[in-house]
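The values are calculated or read from the model by the stated rules, or taken from the named source; none is laboratory data. Predicted, not measured: the structure shown is a model, and the values here were computed from it. For neighbour counting, all protein chains shown are included, and Cβ atoms are generated from backbone atoms with ideal geometry for every residue, glycine included. Side chains are part of the model used for accessible areas, which takes the heavy atoms of the whole protein and leaves out ligands, DNA and RNA. Shrake-Rupley method; radii C 1.70, N 1.55, O 1.52, S 1.80 Å.
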Amino acid sequence: MSAYDLITSILPTFFYTQLFITPSAPSTSCAGKTIIVTGANTGLGKEAARKFVQLGAEKVILGCRNAGKGEAAKREIEASEGREGVVEVWELDLGDYGSVGRFVERAKGLRRLDVVVENAGINTNKFVEVGGNESTITVNVVSTFLLALLILPKLQETAKLQGTTPNLTIVSSEVHFFTAFPERKDPSIFPALNDPSKARMMDRYNVSKLLEVFACREIARLHPVSDMRVTLNFLSKDPPPTHPPRKPIPSPTPAEHLTNPYCYTDPGLCHSELQRDVPSYLRPLVNTFMLLARTTEVGARTLVHAALAGPETHGKYLSDNRVRGCANLVEGPEGAEVQRRVWGELGGILEGIRPGITKVLDA
């Protein structure tokens, strides 16, 4: 990113959205509904779960890797809202495909399932292989869509029995605007991402969020809500860039990370646990920007809004409670072909984990 882009576009938008735009609090009743929120033991996921309880949900399930922290979150939410027996804690580790499968098997026993908010994710600059992929790709992309496709039949069952249109919401990020995604130029995208000699880990979180955007859009393009009977949307918990650079931002160097907070964390800056993996040399800068951060409660409003939005948001990107355009790399000349390739490769990976899984989209 050039200094010109930073001064004339990014920083003014950042300060404006942080200081003058506040997403409205949701008020739609959730009475009778069963809702799953992953990554819900802390941060935005926990606050979103709290809001669903406030809105009268019959059952709110916290999908958590750490059951102990999940139980603590459950006690806190139920105490603050004065509603006991509403929140349940189910173990879910997106680094373990078996854990994802067990979670969904348990969900099959629910009387109904109206909303799934996939909020869990990681942001790390260390290359570690998990489940046959670099860990960020496994957790933020592969397991996220493994869970989505495995749980889709339960959402569709609820649609049929209740005469409703359930929601499947993927928590993406505005940082998908801020990657050049050079891996798209390789013959195969995911093998390139899984090659440690090529890995650009300071940009990896941004890339993972871009992959989520491509996958959601392609699924929705191929499977309209009239066929799926479920609304699939994706959102940024961050404010959108009002005037994003016309070209993708080149992969950042370590020096550029000192002047570009968008490279490693959400530019909207909600208080969140993702900052725990920020390198120590960047923490003073992060702490400075966090003075302008939205509260976790305000950030969680955007998750709840998307989760309760209507079919008109199918395949759409939501930010600040509005449908927004995606990055130029997504909507520009290359977008359709890259999007097709991403979903084609990701679908193949998912078929390797669970043969036949993508057929649920045609059911």
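Roughly what % antiparallel, to the nearest 5, for the DSSP beta bridges in region 24-114?
Here the share of antiparallel DSSP bridges comes out near 10 percent.
Between region 329-353 and region 206-238, the alpha-carbon centres lie 12 Å apart. So what's the gap between the Cα centers of region 109-154 and region 28-84, to the nearest angstrom? One Cα centre to the other: 19 Å.
Computed with the Debye formula from one identical point scatterer per Cα of region 71-144, without solvent, the log10 of I(q)/I(0) at q = 0.12, 0.20, 0.24 Å⁻¹ comes to -0.45, -0.97, -1.12.
Dividing the convex hull volume of the Cα atoms of region 172-217 by its residue count, what figure in Å³ per residue is obtained? Intermediate results must be reported in sequence, preceding the final value.
Details: hull volume 3.4 nm³, N = 46.
It is 74 Å³ per residue.
Among 201-209, 64-72, sorting by the average number of other beta carbon atoms lying within 10 angstrom of each residue, highest first, gives 201-209, 64-72. As a size descriptor, the averaged projected area of the C-alpha convex hull of region 34-96 was calculated at 3.6 nm².
Given in Å, the Rg to one decimal and the Dmax to the nearest whole number for the Cα atoms of region 20-61 are 10.9, 35. Largest accessible area first, the listed residues Val360, Val171 line up as Val360, Val171 when surface is computed with a 1.4 Å probe on the assembled protein chains. Taking the square roots of five times each eigenvalue of the Cα gyration tensor of region 89-231, the equivalent ellipsoid has semi-axes of 29, 18, 12 Å, listed largest first. The loop-placed chymotrypsin sites (Phe, Trp or Tyr not before Pro) in region 40-135, going by DSSP, include none that has at most 12 neighbouring Cβ atoms within 10 Å of its Cβ.
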